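This report concerns only the one structure given below.
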Amino acid sequence: MVRLNDLADYERAHLLAKNLPPLGPPAWVPPTKEIAELRIALITTAGLHFRDDPSFEFADATFRPISGSEDANNLVMSHSSVNFDKVGFAEDVNLVFPVDRFRELEADGKIGSLADVHYSFMGAGLNPDAYEESAAQVARLLKQDKVDAVFLTPV
Amino acid sequence: MTTGISLVRENTESMQPPRALWVSFPLGRPLGKPGDAAFQHRVIEAALDLLSEQSGPVLVDYPEDTPSAPVDDAPACPVSFAKPANDTDAWTTALLNELQTLTPWHDLGRRRRRGRTLVGVSDFSITENLQKLGQLLDDNELPTEELNWFKGAIEDAKVFYIEALTAQPGDYDYAQIEQIYWRETRMGAAVLRFSEMFLEDAELSAFARIIAPRTVSN
């Protein structure tokens, strides 16, 4: 488990060095719809992409689209960090990219709908401000897809 | 609106995203438990509930832990590395021999996962990659001009080994798999050797940090 007190000193220091001040003024969007009416997209920083897509570089602020209609079992991971578990992801894609769970929520009417396209970044080697341009690009794409809310997963 | 999972509470506290659910799960496991849809649904529901909050930022602690599987209960490792290749063997021979031993287990694991595999980030086959990695070590050379190939090759090898070592169904203790890979396989030893060589290289020492975890390298 990731309780910092349980980690080795160097590991704790490494993670605490990632503490940064807020990126800008608070960006709070108040809810206007019930959760059962929301159109939701998944965004992960796990460095996922389909095998034919270009791998992520060692430090890389670009993103890869993940079509909601493709089989997520064909996703691979090119993440430059070696300091997290991959055994679980090898067993179950939903552990990191829970698209099947969200399809179930959609089928049960617990969310409104699932976006046509989801997105993957590779969260290592760069500070958050390096992602500003690509994040803005993804925000425009999400708007185009009429997405109301995003569910974020790190590794 | 955004909501999501936080794995390192301190990072989320400092950066203050609008809504985050902190979970105590290991890095790499934001939804907690592989193959447990009910568990994953509980985590997702808790994170989605934050979308109803009227003001923020909101950082909520998820109450459920994921107890790691007791080592005694972990399924037996399908491969015996009790007699590793002799240190005097050429790396190329040792890696290709190990690959041959693991291939049937990888095939079995792949069938169990209905064809799913994470291998394939590299443009080259696992055999080609292990042959080339072994040759580099036999020649005591670093792939200084082919770092992208190198990273893809060792990542493909790692997931190939994980998929072979977990060929039997079961809730594996990931720490145990990591330990077998880094401490008992020639492939793990090969990557650690590369890591040492990178550390000795003034221009490429930082590269050592992205090929082997700090917990197993120096």
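Since every read-out is calculated from the coordinates, none of them should be taken as a lab result. Computed from a prediction, not measured in an experiment: that's the story for all the values here. We place every Cβ from the backbone using ideal geometry, glycine too, and count neighbours over all the protein chains shown.
Some observations on this one:
- Separation in nanometres of the label points that stand 7 Å from Cα toward Cβ, at A:A130 and A:L23: 1.5
- Relative to the longest principal axis of the Cα atoms of chain B, the long axis of helix B:174-184 makes an angle of roughly 20 degrees.
- Mean partner shielding of peptide B:2-15, defined as the number of other chain Cβ atoms within 10 Å of each residue Cβ, is 6.
- Restricted to Cα atoms, the range B:5-61 shows a radius of gyration and a Dmax of 11.5, 34 angstrom.
- Mean-position separation - Cα centroids, the range A:76-116 and the range A:125-155, in angstrom: 17
- Helical content alone sets the calculated 222 nm signal of chain B at -14500 deg cm²/dmol, taking -39,500 (n - 2.57) per DSSP H segment of four or more residues and averaging over every residue.
- Loop sites by DSSP among the GluC sites (Glu not before Pro) of chain B, restricted to those with at most 14 other Cβ atoms within 10 angstrom, leave B:65-140 as the longest stretch without any of them.
- Using C-alpha pairs below 8 Å separated by at least 6 residues, the relative contact order for chain B is 18 percent.
- For the protein assembly as shown, Kirkwood radius (reciprocal of mean inverse C-alpha pair distance, Å): 21.6
- Nearest-ten-degree value, helix B:91-112 long axis tilted from longest Cα axis of chain B: 40
- Helix B:37-49 axis, angle to chain B major axis (alpha carbon atoms, nearest 10°): 50
- Alpha-carbon centroids, the range B:144-218 and the range A:12-70: separation in whole Å: 26
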